[in-house]
Amino acid sequence: MNRRPDRMTPEQAESLARHERRRILVMVVGVLLLAGGYFYAQNKGDEYGRNSRTDVPAYSEIPTERVVIPEFDMHEVFEGLQDDTPESRLVLETEALDAVFDYGRLFTPQHYEALDPRSLDPDTLAAIEAKPGDFRVSAFLARGEVLSLKTRRRNATRPEEITGTLALEDGGYSHFVVLEAPAGLAVGDFARVDGVFLKLYRSEGPEGWWDGPLLCGAKATASVARIDLDGPISTDALAEIQDDNLERTTGLPETAQWQLMARALAEAQGTATDPIDWESVPLLDDQTVSEVFTDGDAHRGKPFRFEVLRNLDGRTKAAGENPLRIDRITTGWIASQTWKGSAHMIHYLSPFDKPVLSTRYGEATYVAGHGFFFKNMSYETHEGNLGRVPVFILAAVDPFIPADDEQTVLVMWSVLGATVLLVLLLLFLLMRDKQKARALQAELVRRRRARRAPAGELGAQGGATP
């Protein structure tokens, strides 16, 4: 007698199929949860950045405009111009002066920014002295102490002119003729003149002759004397700084700001005679930033360092007239997700031009650096609220780039490889189970049909078993 093989009932087959479907569903849900967790964590980081930026003041971008430099088309006025002898430099040729002065009045600060005029330093003065004719109506910049200043009107058809002489900060003299000057500008003040060169001119001072280029421009502007990068920070300047509060907003005092900027620049360039050991200064964490925010006077001008702070907003801008003679500075807002106190971010100024810190390029998500505490400043937030933030003058601020860890990379690749193998194994097992389930289902169907078929059909299909 043949033993009848064990067979699975339809209910058991259906239960097995349901079990396989549940297992596949659990795996799919697990993968979706992992992906969802990843995107949630990434979105939380981005949300932190977005929420933090609401506390940052809104900046209005200044559109870049094309500047057209006016042309000088009256070169014939130079035919009678002479400045090759001391005697000829005492004379101002009226026709040439009128033409060049009218031309110089057309230049705006945007024109000079586009031209980037040379400063009247000793090398430039020597070049002009050697061949003044090569530099007619060329743009130059002069800074120095005002030695003489007067206002005149040469005739009724001409505008009122302001003339004067500067003792240049690098040595030598320069004369100027402009339309405007700062109110209250007087002899002994420091001034800047942007203008076009007419001729070498000579005038007599109390102790001798002043020989130098004569510049014609639209106006003279107030300036400040250059300061020593390695000079001490004035305690008087620091003492004048006051933290802002709801009743008082004093802005950023320029004297102390530029002295701290000078020290920061000296530290960055390695020229400080008494350099700071930045590894030993306090780290800006939740406790120290709260102390600075609470009592600014106790921390004024002191050095701090920070590590891995989020870059909320960074940009470069024109430095304006300043005693460091730098063209651009970098400013920004940085914060830490771990700061839970009253101050959750800081504002900084840095005497460098670092476009890499601009958040529009996305290359500096996190930054590290060090610098000096300046003051606690009030400001209007992006949403129109009143905020208050510690301000630092930074000697260094750079994108934070983690160092490569070969062991970590190896572990990550190992985990990735193991994950791929596991996924392939699961797929293989699922495929095998699926094939077994299909075979079992087909066998059950065949047996069911065999039981229901008449005996004659069985004989016709494969013959009866005796």
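Only the coordinates and a few stated rules stand behind these numbers; no lab work does. All figures in this text were calculated on a predicted structure; none of them were measured in a lab. Neighbour counts are summed over all protein chains in view; Cβ atoms, including those assigned to glycine, are modelled from backbone coordinates with ideal geometry.
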For the range 150-209, which trypsin sites (Lys or Arg not before Pro) are both in a DSSP coil and crowded by at most 10 other Cβ atoms within 10 Å?
ARG153
Highest to lowest packing among 253-265, 132-144, scored as the average C-beta count within 10 Å:
253-265, 132-144
Would you be so kind as to identify which of PRO323, PHE352, VAL289 lies farthest towards the positive end of the dipole of the range 235-399, taking Lys and Arg as +1 and Asp and Glu as -1 on Cβ and the Cα centre as origin?
PHE352
Among PHE400, PHE372, which comes first, second and so on when ranked by fewest other beta-carbon atoms within 10 Å?
PHE400, PHE372
Phi angles of the range 184-198, converted by Karplus (6.51 cos²θ - 1.76 cosθ + 1.60, θ = phi - 60°) into ³J(HN,Hα) in whole Hz with x for Gly and Pro, give x, 4, 9, 4, x, 6, 9, 9, 10, 10, 9, x, 9, 7, 9
Of the listed pairs LYS150/LYS199; LYS219/LYS375; LYS199/LYS219, which have alpha-carbon separations greater than 24 Å here?
LYS219/LYS375
Hey, what did the range 235-399 get for relative contact order, percent, Cα under 8 Å, at least 6 apart?
26
Arrange the following residues from fewest to most other Cβ atoms within 10 Å of their Cβ: PHE392, PHE72, PHE373.
PHE72, PHE373, PHE392
HN-Hα couplings for the range 113-118 via Karplus (6.51, -1.76, 1.60; θ = phi - 60°), in whole Hz with x for Gly/Pro, come out as 5, 5, 7, 6, x, 6
What whole-number value in cubic angstrom gives the convex hull volume per residue for the C-alpha atoms of the range 75-222?
112
What list of ³J(HN,Hα) values in whole Hz, one per residue of the range 134-140 in order, does the Karplus curve 6.51 cos²θ - 1.76 cosθ + 1.60 (θ = phi - 60°) give from phi, with Gly and Pro shown as x?
6, 10, 4, 6, 7, 7, 9
Descending packing, highest mean Cβ count within 10 Å first, for 380-388, 347-355 is 347-355, 380-388
Around ARG118, which amide H atoms from residues at least 5 apart in sequence, or from another chain, sit under 5 Å from its own amide H, with H modelled in the peptide plane?
LEU141
Please list, ordered by chain and number, the residues whose modelled amide H lies under 5 Å from the amide H of LYS199; skip anything fewer than 5 residues away on the same chain.
LEU214
Proximal lysines to LYS340, defined as alpha-carbon separation beneath 17 angstrom and excluding residues fewer than eight positions away on the same chain
LYS44
If you rank LEU284, LEU421 by fewest surrounding Cβ atoms within 10 Å, what's the result?
LEU421, LEU284
